[in-house]
Amino acid sequence: MSFFSSNGTLLLLHKKLEGVRKASKYDLVLSPQFYIVTREKIPVKYAFQAKKLAPSILDDLLPADDRYEFEVKRDGDSWLFFAYSPKEIEEFLKSCCNIPAHRIGKIYFADQLKEVLKKLPIGIDEENAITLVDGFATIVPRSMLQSDRYARFTPKLRPKHSYAFKQFSKRAKDTKLSKGNIIAASLLFLLGLFFFLDGYGYKRAISKEEAGLDKLYEENPQLRSKLVRDSIKEKYENIEKRERSIRNLLDSYSQLTSKKTILDRLELKEHKMVGRFMVTPSEMKHILSVTTAENLKIKKQNAAVVEIEGEIK
């Protein structure tokens with residue numbers, strides 16, 4: 001059990017926010033300027049079921065070119081469906097208050113303050129306040145309200161249920177990494193397939209030679225001498241040595257591949273393997289490090305293309 005609160009500094013997020021005090025973590029109550037909400041009566045019992053329906057229910061209310069996250073909340077015999085843009089929130093907080101995305105913790109929606117708003121509007125600046133309009137939290141000018149009393153936004157207004165903020169910047173990074181991992185995995189699969197086919201060819205050749213030797217032994221039993229066996233053993237050991245050298249080179253080449261270093265061509269010759277890589281300038285130091293450690297030869301063709309050669313021993 002922890003005796004320390006995991007809550008961050010609570011902010012009411014609106015378009016005129018400024019002068020935020022520094023903190024290690026911020027929890028946000030989103031004003032209606034930062035989310036879209038609708039209420040629907042649907043025959044589902046659990047939140048995870050309702051959340052699956054949120055994209056289709058809110059689809060007509062959302063811009064087609066933006067990426068939104070969805071949350072739901074039970075509201076009597078209906079459900080509230082929320083949509084918000086992590087990218088919009090991150091960009092606004094960075095520009096207005098220099099708050100980076102990784103400092104955003106939990107989020108809430110102003111509609112969760114419905115019980116407070118039934119009693120008093122919540123003031124957000126000198127000119128505007130949040131009140132209920134048709135049952136939804138809405139920002140209106142104070143001049144339109146008859147009330148001359150306003151609830152002050154404080155940490156005491158923190159709603160009971162929070163939602164985890166889905167960072168846009170982290171998701172974008174993860175997506176790039178995932179694409180890079182997919183490319184690397186595909187490349188390793190192709191290299192593995194290349195090795196398998198090469199090994200399969202050797203296996204067929206060995207099987208063919210073994211069948212020929214068996215037939216030869218039947219016709220010439222005197223050949224089953226130690227000298228002959230040692231000669232055959234040496235031949236097969238050389239084949240195994242070549243296969244092992246190819247495997248080691250494939251492993252070395254796989255260390256060079258990443259989302260910034262793409263294998264463009266791979267060529268297997270009698271005594272060497274040659275790979276051509278498309279490389280971003282920032283990865284050259286890594287390329288030089290791996291090639292030096294693995295005793296590979298590097299030939300730089302231009303700023304973005306290198307040819308790496310490994311000896312088959």
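Taking a threshold of 19 Å on the Cα-Cα distance, which of the pairs Lys25/Lys118; Lys118/Lys166; Lys241/Lys313; Lys166/Lys260; Lys119/Lys156; Lys73/Lys166 fall above it? Over 19 Å Cα-Cα: Lys25/Lys118; Lys118/Lys166; Lys166/Lys260.
Taking amide H positions as modeled 1.01 Å from N, with prolines and chain starts lacking one, no residue 5 or more places away or on another chain lies under 5 Å from Leu17.
Measuring only protein heavy atoms, the 1.4 Å probe finds His102 accessible over about 110 Å².
With a 1.4 Å probe rolled over the protein heavy atoms of all chains, the accessible area of Ile42, Ile107 falls in the order Ile42, Ile107, largest first.
Using just the C-alpha positions of the stretch 1-150 as equal point scatterers, what log10 of I(q)/I(0) does the Debye formula give at each q in 0.15 1/Å? Reported log10 I(q)/I(0), two decimals: -0.89. Where the alpha-carbon atoms of the stretch 68-168 are placed on the principal axes, they occupy 40, 36, 23 Å, in descending order.
The values are calculated or read from the model by the stated rules, or taken from the named source; none is laboratory data. Since the model is a prediction, treat every value here as computed from it, not as a measurement. Ligands, DNA and RNA are excluded from the accessible area calculation, which covers all protein heavy atoms including side chains. Shrake-Rupley method; radii C 1.70, N 1.55, O 1.52, S 1.80 Å.
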